[in-house]
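Encoded as structure tokens, the structure appears first; notes follow it.
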Amino acid sequence: MREIVLDTETTGLEHELGHRIIEIGAVELINHVPTGKHYHVYINPERDIDARASEVHGITNDQLADKPLFADIADDFLQFIDNASLIIHNASFDMGFINAELSRLQKPTIGNDHVIDTLLMARQKFPGGQASLDALCKKFGIDNSGRDLHGALIDADLLAFVYIELIGGKQPDLMGAITSDAHDKQQNQNPNLNPNPDKAATSKADKSTIRPPREFPLNPDELVAHQQFIASIDDGIWQKYQS
């Protein structure tokens, strides 16, 4: 099963007012395990970024001046997410922007049947509790100390771990299935994220002890019965080893 954990950064809050996507980050999961394959791009929005939005993600207009337009990356992006469920936190926000961009290019939009909203999952799992990405990282013990500003790929990495916890948590033996590429990428994006990825996989073995073999001594009645049975066998080899 292929899933894509996705996050975006934008010029503002309302795509209906012409705000645009400026960053997309996405990571691939196969059977709920990160593969190390990811998609990341900065986009020239062809408009200014709101000052309050820049305070959140730290991206400025000058930084995007030489970046591709959404039209330039649309096909590569669609190819990356093709035939996968999209895992998004507050999906209505990101999907509203993505579908607005696709509509501008007269491309088919993405239906909600391909989207899983982790914000709704968290609210159902923890009614009344805080459900922001930071709050969920804290709840599940996921280190997000490197997340000083919002960033699409960093947030997608964190959300992948949160999503796995929301659906029941990863089994210890699955940790070894995460590829070294995935581990390297996670460390490069956030060195504090999952600082000891092998700990869960090895803790069970570290704590285990080898049980000594158990003895099953025969009582006198069993020993007599065994000797009588051997004597009844018409084969000298059994009597040889019995003696």
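The values are calculated or read from the model by the stated rules, or taken from the named source; none is laboratory data. Treat the numbers as computed from the prediction; the structure is a model and nothing was measured. A quick note on method: Cβ atoms are made from the backbone with ideal geometry, for glycine too, and the neighbour counts reach across all protein chains shown.
When you go through (1) more than 27 Å from Phe161 (Cα to Cα); (2) not in a helix (DSSP H, G or I) one by one for Val27, which number turns out not to apply? Here Val27 clears every test but (1). All told, Leu159 meets the bar of being closer than 23 Å to Asn99 by Cα, in contact (Cβ under 8 Å) with a residue 24 or more places away in the chain and in contact with an Asp or Glu (Cβ under 9 Å, 6 or more places away or on another chain).
Residues checked against (1) of a type in the set (Phe, Trp, Tyr); (2) in contact with an Asp or Glu (Cβ under 7 Å, 6 or more places away or on another chain); (3) without any contact (Cβ under 8 Å) to a residue 24 or more places away in the chain:
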residue	(1), (2), (3)
Leu78	no, no, no
Asp82	no, no, yes
Phe97	yes, no, no
Ser103	no, no, yes
Asp113	no, no, yes
Ile116	no, no, no
Leu119	no, no, no
Gly129	no, no, yes
Ala135	no, no, yes
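Among the residues making up the stretch 1-24, those that are among the charged types (D, E, K, R), surrounded by fewer than 19 Cβ atoms within 10 Å (Cβ to Cβ) and over 16 Å from Leu86 (Cα atoms) are Glu14, Glu16.
Candidates are the residues of the stretch 50-64 that are modelled with pLDDT under 95 and among the hydrophobic types (A, V, I, L, M, F, W, C); the one that is surrounded by the most Cβ atoms within 10 Å (Cβ to Cβ) is Ile59.
Of the residues making up the stretch 30-48, those that are modelled with pLDDT of 95 or more and in a loop (DSSP other than H, G, I, E, B) are Ile43, Asn44, Pro45, Glu46, Arg47, Asp48.
Glu101 meets each of the listed conditions (1) crowded, with 18+ Cβ neighbours inside 10 Å; (2) part of a helix (DSSP H, G or I); (3) within 24 Å of the chain's Cα centre (by Cα) apart from (3). Where helices (runs of 4 or more DSSP H) fall wholly inside the stretch 112-202, the ranges with 3 or more residues that are modelled with pLDDT under 50 are 180-189. Contact annotation: residue pairs with Cβ atoms under 9 Å, 6 or more positions apart or on different chains, pairing a residue in the stretch 217-243 that is at pLDDT 60 or above with a partner that is surrounded by fewer than 10 Cβ atoms within 10 Å (Cβ to Cβ), are Ile230/Tyr241.
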